[in-house]
Every structure is written in C-alpha cells, then in structure tokens.
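Some notes on the structure that comes next.
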Amino acid sequence: MSEIKLSKKHGFNPSIPVCFWCGKEKNEIALFGELPKDKEAPMKAVYDYTPCRECQKKMAQGILVIEAVLGTEAVKLGNPPIDKLGSVPTGRWLVMTRQYFEDNVDDEDLKQRILKAGKTLMDPATFTQIVEQAKSLQNSKVSLD
Ligand SMILES: [Zn+2]
C-alpha cells in the first residue's frame with residue numbers, strides 16, 4: 001500500500017467503496033487522506049467497475065451480459081466508459097448460459113468472441129429483448145439484478 005498523506009481535517013479520510021453492479025457495500029475501506037482542497041471523502045461511493053465478490057461469483061457462472069449505451073446517452077449517465085468505444089454500462093446486467101449463445105448467435109465469429117471473452121456488452125433494446133426471451137425459456141438460467 002502506498003503511503004497516504006493524512007488530512008488535517010479528516011485524518012485517513014475513509015470511504016466505503018460500493019459495488020457498481022449490485023449497489024452493495026464492498027467489504028473494504030478506501031483511505032484517501034488529503035484530497036484536493038482538503039475535501040472530505042464521501043461516506044460511500046462507487047469508485048470503479050470491479051465487481052464485489054458476490055457479483056464476481058454470479059458473473060463467473062456463465063456469460064456476463066452488460067447493458068451499455070453509447071454517445072449522448074453515455075454522456076447523460078456520466079459514468080466512465082468501460083471500453084475503448086466509450087460504452088457506458090447502465091448498471092443492468094445478467095448472466096446467461098454459454099449454451100444460450102451457442103444456440104442463438106448466428107454470426108460464428110461473434111459467437112466465438114463472446115464465448116472466449118465470457119462477457120459481452122449489449123444495447124438496451126437487445127438487452128430488454130433477450131431478458132423477455134430468456135424469461136420465457138424454462139431451460140435458461142437467468143439471474144437479473
Ligand atoms: Zn456486487
């Protein structure tokens with residue numbers, strides 16, 4: 001851990017990181033010490049897209065599908081981009097079986113890339129469609145947060 005400069009007003013200036021994906025507090029504490037203008041760190045905040053352990057476990061069960069937006073919608077959300085294209089996750093995500101992608105993606109190249117990565121970004125329209133479709137399929141294991 002790097003050394004931190006203590007704040008005169010706020011000491012270690014601690015903050016509880018919150019998981020972006022489930023909104024729950026992570027089991028850790030961030031120490032900011034002296035921030036610019038000696039500001040007080042927020043009591044809780046989302047600091048990055050690293051999932052908490054619980055979310056990590058869920059995400060590892062299949063293919064992670066992340067709803068994301070681009071362009072002006074991404075700017076409106078105000079969150080940092082999650083990829084080089086500037087996609088910003090909305091916070092909706094789900095985990096689907098690999099089999100679902102085997103059966104439902106016609107583009108072989110795309111299918112292989114998704115299966116290899118273990119995750120994919122999806123626009124809201126397709127995301128909503130896939131949620132509805134998955135809900136109606138008994139065999140698909142879906143956990144929507
Ligand atoms: Zn989480």
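Some notes on this structure:
- Test: residue in the range 43-52 that is more than 24 Å from W93 (Cβ to Cβ) and outside the structural domain of T90 (by TED's automatic domain parsing): yes
- Failed condition for G118, given (1) under 20 Å from the mean Cα position of the chain (by Cα); (2) within 22 Å of V69 (Cβ to Cβ); (3) at pLDDT below 95; (4) of a type outside the set (A, V, I, L, M): (3)
Residues checked against (1) under 23 Å from L115 (Cβ atoms); (2) touching a Phe, Trp or Tyr at 6+ places or on another chain (Cβ under 6 Å):
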residue: N27; (1), (2): no, no
residue: L31; (1), (2): no, yes
residue: E34; (1), (2): no, no
residue: D38; (1), (2): no, no
residue: M43; (1), (2): no, no
residue: D48; (1), (2): no, no
residue: K57; (1), (2): yes, no
residue: A60; (1), (2): yes, no
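- Any chance L70 is of a type in the set (A, V, I, L, M) and farther than 23 Å from E28 by Cβ: yes
- Test for Y47: is it within 16 Å of the ligand (Cβ to nearest atom), aromatic (F, W, Y) and closer than 26 Å to P124 by Cβ: yes
- Qualifying residues in the range 1-43 (those that are of a type in the set (K, R) and surrounded by 13 or more Cβ atoms within 10 Å (Cβ to Cβ)) - the one farthest from the ligand (Cβ to nearest atom): K39
- Qualifying position, being outside the structural domain of L121 (by TED's automatic domain parsing) and under 27 Å from I114 (Cα atoms), among F20, F12: F20
- Pair list, Cβ under 6 Å, 6 or more apart: the range 8-27 residue more than 16 Å from K57 (Cα to Cα), other residue near the ligand (Cβ under 8 Å from one of its atoms) and modelled with pLDDT of 95 or more: P17/K26
The values are calculated or read from the model by the stated rules, or taken from the named source; none is laboratory data. Keep in mind that this is a model prediction, so the values were computed, not measured. With ideal geometry, Cβ positions are generated from the backbone for all residues, glycine too; neighbour counts draw on all protein chains shown.
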